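Derivation of every value follows stated rules applied to the coordinates shown; laboratory data play no part. Given the structure is predicted, the values throughout are model-derived calculations rather than measurements. We place every Cβ from the backbone using ideal geometry, glycine too, and count neighbours over all the protein chains shown.
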């Protein structure tokens with residue numbers, strides 16, 4: 001006997017009709033036994049209309065559930081075979097019912113950090129600041145130290161679009177000014193979490209295969225801090241302190257004596273190297289390391305020279321001690337100072353400057 005769950009909708013409907021006929025005949029039999037009523041011919045051209053017994057509520061619920069289960073099983077079988085399933089009832093859009101494009105963008109953010117600001121802007125615009133804060137709390141850019149983060153280095157990025165316009169603020173953010181302190185804390189927490197769980201972890205592991213992932217996270221968090229400084233959510237001292245941290249973790253110090261331990265990601269990679277400076281230098285060039293060192297230094301100088309990061313004209317005279325520190329480190333590991341083109345290419349990865357701003361920032365670089 002075929003199980004009830006394997007029957008089609010049509011078969012279940014026939015079963016229901018047969019069951020009703022059986023119950024009707026059963027009623028006639030009971031009537032005959034009680035008072036000798038004549039049995040009508042069931043298949044006559046003009047059959048006598050008999051009163052049908054109604055199904056009990058329990059039987060009706062069972063049949064409804066069986067029909068629904070059979071329908072779902074048919075859809076499942078159709079999807080496995082590649083057939084077109086019957087249209088499902090439209091559902092209300094909820095928090096997880098984002099479009100495929102948004103889902104793909106979030107995957108890109110989680111894997112590389114690319115498009116982080118744009119992704120968060122979309123959440124804020126569609127769902128408000130409360131959901132944005134929740135997303136900042138749960139969102140994590142993946143840690144990777146196996147070189148699979150993104151082949152080809154940072155120079156191969158294809159920019160999605162220019163997501164940041166310095167003269168405007170998103171409407172959803174304008175309506176949330178009273179929430180700036182809470183939103184600011186969520187951004188700081190996001191940046192610190194990735195500093196500790198990704199950047200410092202790379203520093204401890206000192207695996208050169210994680211270089212792309214390190215710079216992806218450094219760029220993503222730095223651009224997030226800079227953009228929300230420009231928007232008035234964050235403050236200059238807090239943003240500048242974190243950018244100093246990133247630079248120190250990225251570079252570090254190389255000890256003068258063998259019994260001392262190097263500190264910093266690049267310093268530890270250099271100290272733990274296998275004595276092949278040419279290969280080390282080639283890897284640094286492929287990933288535009290010198291360009292990224294100077295790019296983040298320049299962002300920090302702009303932040304230091306302008307409380308809201310809107311004026312880059314005074315950047316060159318800011319943070320002289322940090323400039324000397326980076327220059328000494330570049331000379332020590334032999335990567336050389338970046339050209340204006342290398343710095344400009346690194347700044348493009350931040351996806352936070354207009355073309356005009358990018359030209360202004362790099363025009364005086366030598």
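For residue 177 and residue 235, compute 0.36 nm times the residue count separating them, minus their Cα-Cα distance, and round to one decimal in nm. Can you show the working numbers first?
Working: separation 58, 0.36 × 58 = 20.88 nm, distance 1.43 nm.
Residue separation times 0.36 nm, minus the Cα-Cα distance, leaves 19.5 nm.
Label-to-label distance for residue 168 and residue 325 is 3.8 nm, based on points extended 7 Å past Cα in the beta-carbon direction.
Mind running the shape call on the stretch 102-362? Use the C-alpha gyration tensor, a ≥ b ≥ c as the square roots of the eigenvalues: rounded below 1.5 for a/c, prolate if a/b tops b/c, oblate otherwise.
prolate
Rounded if a/c is under 1.5, else prolate if a/b is larger than b/c, else oblate: which is the stretch 291-366, with a ≥ b ≥ c the root eigenvalues of its Cα gyration tensor? Could the numbers behind the result be given before it?
On the way: a/c = 2.11, a/b = 1.32, b/c = 1.60.
Note, shape of the stretch 291-366 comes out oblate.
Extending 7 Å from the Cα toward the beta-carbon at both residue 314 and residue 15 defines two label points whose distance is 8.2 nm. The stretch between residue 257 and residue 130, if pulled fully straight at 0.36 nm per residue, gains 40.5 nm over its current Cα-Cα span. Principal axis extents of the C-alpha atoms in the stretch 233-351 (largest first, rounded to whole Å): 45, 30, 24. How high is the FRET efficiency from residue 107 to residue 245, r the C-beta distance, R0 22 Å, rounded to 0.05? Taking R0 as 22 Å, the efficiency between residue 107 and residue 245 is 0.20.
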